[in-house]
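*Asks:* This is the structure, below, for whatever I ask next.
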Amino acid sequence: MAESRRTTTLTLTDQSAAEIGADALVVAATKKGESCTLAQGHGLPEETASHLEQALAAIGAEAGAEEVTKLAGVPGVAAGLVLVVGMSSGGPAGRLEKLRRAAGVAARALAGKDKAVFALGQDGAEEASAVAQGVGLGAYTFATHHGVGKAESDKPELGEAIVTGVEAASAEGVKDETDAIVAGVRYARDLVNTPPNVLYPETFAASVSEHAAGSEVEVEVWDEQRLSQEGCGGIIGVGQGSGRGPRLVTLRYEPEGASKHLALVGKGITFDSGGLCIKPGASMITMKMDMGGAAACAAAIVAISELRLPVRVTAYLCMAENMTGDLAQRPGDVVTMRGGRTVEIINTDAEGRLVMADGLALASEQQPDAIVDVATLTGACIVALGERTIGVMGNDDDLRDTVTRLANEVGDTAWALPLPEEIRPTLDTPVADLKHTGERTAGAQVAAVFLQEFIGKHGEGEDADSIPWAHLDIAGPAYNDKGAWGYQPKGASGAGVRALVELARSYAG
């Protein structure tokens, strides 16, 4: 087992980038006509900027996204090496996201270096924070399980990143916020990357408890006996085919003076074999990531507490392992969910919505101002939106659109999807209150419509309004099994963490 590896530390400063001694200086280039030009705001001497632009022209640089050019012997700078990273892109990403991605590309290229200075043309605290986030997320590595075959050859993360362009008065605040968010995303990535023989419901719950220790977040864990007593038939049913019992972890952050209450619900399937409706072997390879929603909620609530946002947050992490043991539930079984509704099981590989239903019912009992759930729920969402976009659905257009907008602002790319009224009748069944799958078309929305059945109301009676609810299907972006890009390494992404933190900030006023 490899020793724990160093984590990139962040320093923010208003010092001139050219004057800072470091292994490398990172600047950005964009395309202007047929030539490359340095991004404005780099703060370098005119002679240095001219030299770099001439060098880029000589080698035919395009300044495209993911393009890195390394130049040595650059006049006017203290760093021994200059990295020029491209920021030109035909995509829809805004300036902050382009800064994050460019910084992430550079951080990956600087693995093994001790110190680097980042001057991507960032101007002010917000842009400097974007660069710092990109560095912290792009530098991430997961080598916990590397043995003697890799431990000696691995390059450590970049040691220190110095981000310029921040006034001294605001540097500490920007750093504290950036550190909290980066640490949250990294923790979610660590959870998702952990092998399923190491991370299962019991150890997942223990990790979350340890992560929250020392923060203002309180933790409560229900084992299978307590889940049975509490009527959580969805979680029990999915977990009963495994020798490793299910868990439900409740996290509570209740700061003084909070006037709003936000509930989070996360899918925590630590491994999904498909149950008796078993998946093809190739489809199981990445199924350790099926707990990415619970990971995002756990990471987000601790980050929210570290940022001291004045909003009450409760998170419900619904953990189970979906296996094929002697007691595995069967198609045709009927289970009783939290709150008493009965559900006919149709396909045991549609297990996520069952554990989530119990979590949503529990969250509804507290009548929060809003409920947001996060789940690697459907392959259909990947078909609809691709592998980098979160699908956002819900029963309240304002909440759905707010979540989508905030997610996009912080880099959790998202797109809103409707919940057509004709879907609900496809869940009808003569043997239970409803079945848990419907028509094959619009699969992402079918799953969301099922979840909507477990959202409660504010108050009693038929005229009471439903609690506003949004559903984030992160099946596509939760895990990158292809090549690294931007600040996204191969493996877990931590999708949803930043969106949840930003949503909590909006409720904090």
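*Asks:* At R0 = 51 Å, how high is the FRET efficiency between Glu230 and Asp123 if r is their beta carbon distance? Nearest 0.05 is fine.
*Replies:* After rounding to 0.05, the efficiency reads 0.45.
*Asks:* Near the amide H of Ala416, under 5 Å away, which other amide H atoms are found, from residues 5 or more places off or on another chain, if H is placed in the peptide plane?
*Replies:* For Ala416, the qualifying residues are Val392.
*Asks:* Any idea what angle helix 397-410 forms with the longest principal axis of the chain, computed on alpha-carbon atoms, 0 to 90 degrees, nearest 10?
*Replies:* So the inclination is approximately 30 degrees.
*Asks:* I've got another one for you. Let me have the 222 nm mean residue ellipticity of the chain computed from DSSP H runs of 4+ only, each contributing -39500 (n - 2.57), with the sum over all residues rounded to the nearest 500.
*Replies:* Value at 222 nm, helices only: -10500 deg cm²/dmol.
*Asks:* Just to check, using Stokes-Einstein with a Kirkwood Rh over alpha carbon pairs, what's the diffusion coefficient of region 183-292 at 4 °C and 1.567 mPa s in µm²/s?
*Replies:* 84 µm²/s
*Asks:* Still on this structure, please answer the following. Mind checking which lysines have their C-alpha under 17 Å from Lys267, skipping anything on the same chain fewer than 8 residues away?
*Replies:* Within the straight-line cut-off, Lys267 pairs with Lys288.
*Asks:* Would you mind telling me the antiparallel percentage of the DSSP bridges in region 108-251, rounded to 5?
*Replies:* That works out to approximately 50 percent antiparallel.
*Asks:* Between exposed GluC sites (Glu not before Pro) in the chain, where DSSP calls loop and at most 10 other Cβ atoms lie within 10 Å, what's the longest gap?
*Replies:* The longest uninterrupted stretch comes out as 257-459.
*Asks:* Another question about this same structure. What does the charge add up to near Glu202, with Lys and Arg as +1, Asp and Glu as -1, over the other residues with Cβ less than 14 Å from its Cβ?
*Replies:* -1
*Asks:* Considering only C-alpha atoms, what is the centroid distance from region 213-230 to region 300-373, in Å?
*Replies:* Spelled out, the Cα-based centre of one part sits 14 Å from the other.
*Asks:* Return the Rg/Rh ratio of region 13-163 with Cα-based radii and a Kirkwood Rh.
*Replies:* Reported Rg/Rh, Kirkwood definition of Rh: 0.98.
*Asks:* Binning at 5 Å from 0, report for region 256-408 what percent of all alpha-carbon pair distances ends up in each bin.
*Replies:* Going out from 0 Å in 5 Å bins, region 256-408 shows 2, 8, 15, 20, 21, 15, 11, 6, 2, 1, 0 percent.
*Asks:* Related question: I'd like the trypsin sites (Lys or Arg not before Pro) in region 135-203 restricted to DSSP loop residues with at most 14 other Cβ atoms within 10 Å, sorted by number.
*Replies:* Sparse-neighbourhood loop trypsin sites (Lys or Arg not before Pro): Lys150.
*Asks:* Follow-up question, since we're still on this one. From the phi of every residue in region 245-250, what ³J(HN,Hα) in whole Hz does the Karplus formula 6.51 cos²θ - 1.76 cosθ + 1.60 yield, where θ is phi - 60° and glycine or proline is x?
*Replies:* x, x, 9, 10, 10, 10
*Asks:* Okay, moving on. Which whole-Hz ³J(HN,Hα) couplings does region 462-474 yield from phi under the Karplus relation 6.51 cos²θ - 1.76 cosθ + 1.60, θ = phi - 60°, glycine and proline marked x?
*Replies:* Residue by residue, region 462-474 yields 5, 7, 5, 7, 5, 5, x, 9, 10, 10, 9, 8, 9 Hz.
*Asks:* Something else now. Where the centre of each part is set by its Cα atoms, how far does region 435-509 sit from region 137-210, in angstrom?
*Replies:* Their Cα centres are 24 Å away from one another.
*Asks:* Which value in Å does the Kirkwood hydrodynamic radius of region 374-492 take, with 1/r averaged over all unlike C-alpha pairs and then inverted?
*Replies:* Computed over Cα pairs of region 374-492, the Kirkwood hydrodynamic radius comes out at 15.5 Å.
*Asks:* Can you give me the angle between helix 95-109 and the longest principal axis of the chain, using Cα atoms only, in degrees from 0 to 90, rounded to the nearest 10?
*Replies:* Between helix and principal axis, roughly 80 degrees.
*Asks:* If one takes the longest principal axis of the Cα atoms in the chain, at what angle in degrees, from 0 to 90 and to the nearest 10, does the Cα axis of helix 46-59 lie?
*Replies:* 70 degrees
*Asks:* On a straight-distance basis, which aspartates and glutamates could pair with Lys457 in a cross-link, Cα separation under 13 angstrom, same-chain partners fewer than 8 positions away excluded?
*Replies:* List returned: Glu365, Asp369, Asp396, Asp465.
*Asks:* Using a 1.4 Å probe on the protein heavy atoms only, what accessible surface does Arg498 show? Give it in Å² to the nearest 10.
*Replies:* 20 Å²
*Asks:* Tally the DSSP beta bridges in the chain and give the antiparallel ones as a percent, rounded to 5.
*Replies:* If I count the DSSP bridges inside the chain, around 45 percent turn out antiparallel.
*Asks:* Normalised radius of gyration for region 129-220, please: alpha carbon Rg relative to 2.2 N^0.38 Å, two decimal places.
*Replies:* Against the compact-globule rule of thumb, the ratio is 1.33.
*Asks:* Taking 25 °C and 0.890 mPa s as the conditions, I'd like the Stokes-Einstein D for region 259-319 in µm²/s, using the Kirkwood hydrodynamic radius from alpha carbon pairs.
*Replies:* Estimated via Stokes-Einstein, D reaches 188 µm²/s.
*Asks:* On to the next question. Over its Cα atoms, what ratio of radius of gyration to 2.2 N^0.38 Å does region 1-101 give?
*Replies:* Here the Cα radius of gyration is 1.18 times the empirical estimate.
*Asks:* Starting from the amide H of Trp469, placed 1.01 Å from N in the peptide plane, find each other amide H under 5 Å away whose residue is 5 or more places distant or on another chain.
*Replies:* The list, which skips near neighbours in sequence, is Ile371, Asn395, Asp396.
*Asks:* Let me ask something additional. Determine the principal axes of the Cα atoms in region 66-122, then give the extent along each, sorted from largest to smallest and rounded to whole angstroms.
*Replies:* Here the spans come out as 35, 23, 18 Å, largest first.
*Asks:* Using only Cα atoms, locate the centre of region 385-418 and the centre of region 270-289, then give the distance between them in Å, rounded to an integer.
*Replies:* 26 Å
*Asks:* Given a 1.4 Å probe and heavy atoms of the protein chains only, how would you sort Asp481, Asp154, largest accessible area at the top?
*Replies:* Asp481, Asp154
*Asks:* Would you please report the Å³ per residue occupied by the convex hull of the alpha carbon atoms in the chain?
*Replies:* 155 Å³
*Asks:* Still on this model: Tell me which lysines have Cα within less than 26 Å of Lys115's Cα, excluding those fewer than 8 residues away on the same chain?
*Replies:* Straight-line reach from Lys115, under 26 Å: Lys70, Lys98, Lys150, Lys155, Lys175, Lys490.
*Asks:* Which translational diffusion coefficient, to the nearest whole µm²/s, is obtained for region 318-395 from the Stokes-Einstein equation, given a Kirkwood hydrodynamic radius over C-alpha pairs, 20 °C and 1.002 mPa s?
*Replies:* The Stokes-Einstein estimate is 147 µm²/s.
*Asks:* Step through the residues of region 63-76 one at a time and calculate ³J(HN,Hα) from phi using the Karplus curve (6.51 cos²θ - 1.76 cosθ + 1.60, θ = phi - 60°), rounding each to whole Hz and writing x for Gly and Pro.
*Replies:* Using θ = phi - 60°, the values come out as 6, x, 4, 6, 7, 10, 10, 9, 10, 10, x, 7, x, x Hz.
The values are calculated or read from the model by the stated rules, or taken from the named source; none is laboratory data. As the structure is a prediction and not an experimental result, all values here were calculated from the model. Quick reminder, even Gly has a Cβ in these numbers, built from the backbone with ideal geometry, and neighbours come from all protein chains shown. Each accessible area value is taken on the protein alone, full model and side chains, heavy atoms only, with ligands, DNA and RNA left out. Shrake-Rupley method; radii C 1.70, N 1.55, O 1.52, S 1.80 Å.
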